[in-house]
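The next block holds one structure in the form of structure tokens; read it before the comments.
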Amino acid sequence: MLGRWLGLAFTVCFLTGLFSHLLQDPPDWMLFLTRPVWLYVATQGIHVATGIASVPLLAAKLWSVYPELLRWPPLKSVVHALERASIALFVASSLVEVTIGLLNTFQWYPWPFSFRDVHYWLAWVIIGSLALHIAVKMPLILAHWSRRSDEAAIAADTERGVPAGKTDPAAVKPGTGHGWSRRGFLAAITAGTGVVVLATAGQSFAWLSGLNLFAPRRMDSGPQGVPINRTAAQAGVADAALAPDWVLTVSSGSVQKTFTLAQLAALPQYSYGLPIACVEGWSQGAQWRGVRIRDLMATVGAPTDAELQISSMEKGGVYGRSFMPAAYSQDEQTLLALELNGEPLDLDHGYPARIIAPGRPGVLQTKWVHKVEVI
Amino acid sequence: MRLPLVTPSAPGEHRTVWWVRAALGALGLAALGYAVFGFLANVPPMQLIGVAAWLAVALLVHDGVLVPLTTLAGGGLSRLTYGLGPVQQEIVRGALLVGAVVTLVAAPLIRAQQVLQPGGQGSGANGTVLQGDYTLALGVFWLVLAVAAAVVVAAVGLYGRRSKVRKTRF
């Protein structure tokens, strides 16, 4: 029961995480979807929510199998030793993965390694260990299921069915001195999981924002009612962004043009309601207004299927440059935004100009843009 | 150890199970191999040592400290709630478990606030992260939980007594 829920949570978390990774680091075959515009809000919100759900589920699962850890003799054969080693790796990886994932949403990094790499590769350790674990335990799982169907058959004949004691988790077995019934334990874990998910998912989903007690982010907060991930001060761009001689350079091959802010504002402006959704799980809907990227690229005669490189005034790091595949550069809702919620962009939101595209991770919505080029 | 025996209802089903197991096992090993390759190719050796240390400490802290402590707490609870009926004991236990789970998720938030907020590590602290009063929220949550659990325990007690009375009457 717990194993099934935890396996499901881990699998969903893995798949949504993999999707996020592929969006940021796309292979050649990657299919980019720009609709629904809230696609990444959903996938990343679910990623963080299932990650948080797996905190109580993992704790409960490990608690229920804890007596297995103390079983004697500890090692019976080489195969047994290998199995126990693989379980130790599975458990340790799961604990670390869930912990660093949670702390990452706080922007807290108290560890001596790269979050992005380790979180990604540990995910492969976990999903591989999960598949292996299911393969090894399949007879047990099937026995459990067939026993349940036997129970169902018996229950159909008799009124009360058979006692559930046979399939209890190891730690709930009668006689181990614990005061839990199987049903009570599962109910409490379900309730706890529900509470932590509902009390945090409001950072990702507007309809839950009223219950947001324990998430690191609040909707509708920050300058212009939109949270930020990286301030202008953190990025060290304030002077360059506020400089009166700022111009945007647009280029395609040998054709190059520059635009002042006034010239950009004189181009046709479009306004769209688009969410910004961060890899850390928070998201925020907002009204963005600015120039369509495809209009901007047409001014330098760029081909319609142009792939773009966007450069920020922030130098280096993951935020310094972003790559924009044609699916986004062609989309009518992909803007070089100059305004947010009816006002010029706040400096922390990327003044004088930033990218906003439908269905992309926030880290790729480059702020403080100064160059857009066809590559 | 009780052997996990499958009762093969048909030889065909048995073979399917074998293939599914083999495929899952092979996929699992492939993913693990890919992960090992990924770690070695992308993570510098010093960082790998850090990862190994975190894995080891996670296992030690969880299996060596957290589980024994919660088990002890569970045993102590059984003594404290000795006078209550089994359903009431379960409610107290369940409420404490829910509270513990919420605390487990909220405590790192409070700690992160303490570590990251004062003075703002690095320049230009970001005011839109960790902005809630999580200590207050956690306190209120525990209070509401305690009151709710007490009300339910009392209600169960009353109901139980009334049904006992009814039993003696009829």
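The values are calculated or read from the model by the stated rules, or taken from the named source; none is laboratory data. Because the structure is a prediction, the values reported are computed rather than measured. Quick reminder, even Gly has a Cβ in these numbers, built from the backbone with ideal geometry, and neighbours come from all protein chains shown.
Determine if the stretch A:257-276 includes at least one residue that is surrounded by fewer than 22 Cβ atoms within 10 Å (Cβ to Cβ) and within 10 Å of chain B (Cβ to nearest Cβ). No, every residue in the stretch A:257-276 fails to be surrounded by fewer than 22 Cβ atoms within 10 Å (Cβ to Cβ) and within 10 Å of chain B (Cβ to nearest Cβ). Close contacts from the stretch B:74-100, counting a first residue that is over 20 Å from A:Gly192 (Cα atoms) and a second that is at pLDDT below 85, with Cβ to Cβ under 7 Å and a gap of 6+ residues or different chains, come to B:Gly75/A:Gly177; B:Ser78/A:Gly179; B:Gly85/B:Gly160. Considering the conditions (1) more than 7 Å from chain A (Cβ to nearest Cβ); (2) closer than 28 Å to A:Val65 by Cα, B:Leu32 is excluded by exactly one of them, (1). Note on the stretch B:33-133: enclosed helices (runs of 4 or more DSSP H) holding 3 or more residues that are at pLDDT below 95 are B:67-80, B:86-116. Note on the stretch A:174-247: enclosed helices (runs of 4 or more DSSP H) holding 2 or more residues that are touching a residue at least 12 places away in the same chain (Cβ under 8 Å) and within 20 Å of the chain's Cα centre (by Cα) are A:182-198. Among the residues of the stretch A:178-233, those that are surrounded by fewer than 18 Cβ atoms within 10 Å (Cβ to Cβ), more than 24 Å from A:Tyr66 (Cβ to Cβ) and at the interface with another protein chain (Cβ under 7 Å from one of its Cβ atoms) comprise A:Ser221, A:Ala233.
Checked against (1) assigned to a helix (DSSP H, G or I); (2) buried (at least 18 other Cβ atoms within 10 Å of the Cβ), A:Leu15 passes all but condition (2). Of everything in the stretch A:266-323, what is over 27 Å from A:Phe115 (Cβ atoms) and in a loop (DSSP other than H, G, I, E, B)? Give them in sequence order. Residues satisfying the conditions are A:Leu267, A:Pro268, A:Gln269, A:Thr299, A:Val300, A:Gly301, A:Ala302, A:Pro303, A:Thr304, A:Asp305, A:Ala306, A:Glu307. Among all residue pairs at least 6 apart or on different chains, which show Cβ distances below 6 Å where the first residue, located in the stretch B:57-68, is at the interface with another protein chain (Cβ under 7 Å from one of its Cβ atoms) and the second is surrounded by 12 or more Cβ atoms within 10 Å (Cβ to Cβ) and at pLDDT 95 or above? Hits for this filter: B:Ala58/A:Ala92; B:Ala58/A:Leu95; B:Ala58/A:Val96; B:Leu59/A:Ala92; B:His62/A:Leu95.
Within the stretch A:61-80, the set of residues being surrounded by 12 or more Cβ atoms within 10 Å (Cβ to Cβ) and of a type outside the set (A, V, I, L, M, F, W, C) comprises A:Lys61, A:Ser64, A:Tyr66, A:Pro67, A:Glu68, A:Lys76, A:His80. When the criteria are applied in full, A:Pro112 meets the requirement of being surrounded by fewer than 18 Cβ atoms within 10 Å (Cβ to Cβ), at pLDDT 95 or above and at negative phi. None of B:Gly64, B:Gly94, B:Gly50 is surrounded by 15 or more Cβ atoms within 10 Å (Cβ to Cβ) and closer than 30 Å to A:Val118 by Cα except B:Gly50. From the list B:Pro108, B:Pro68, the one residue that fits, being farther than 24 Å from A:Val65 by Cα and within 22 Å of the chain's Cα centre (by Cα), is B:Pro108.
A:Gly128 satisfies every condition listed in (1) over 25 Å from A:Ala188 (Cβ atoms); (2) surrounded by fewer than 17 Cβ atoms within 10 Å (Cβ to Cβ); (3) not hydrophobic (A, V, I, L, M, F, W, C) except (2).
Selection of first residues in the stretch B:37-48 that are over 11 Å from A:Trp124 (Cβ atoms) and of second residues that are surrounded by fewer than 14 Cβ atoms within 10 Å (Cβ to Cβ), restricted to Cβ pairs under 7 Å at least 6 apart or on distinct chains, gives the following pairs, ordered by first then second residue: B:Gln47/A:Pro112.
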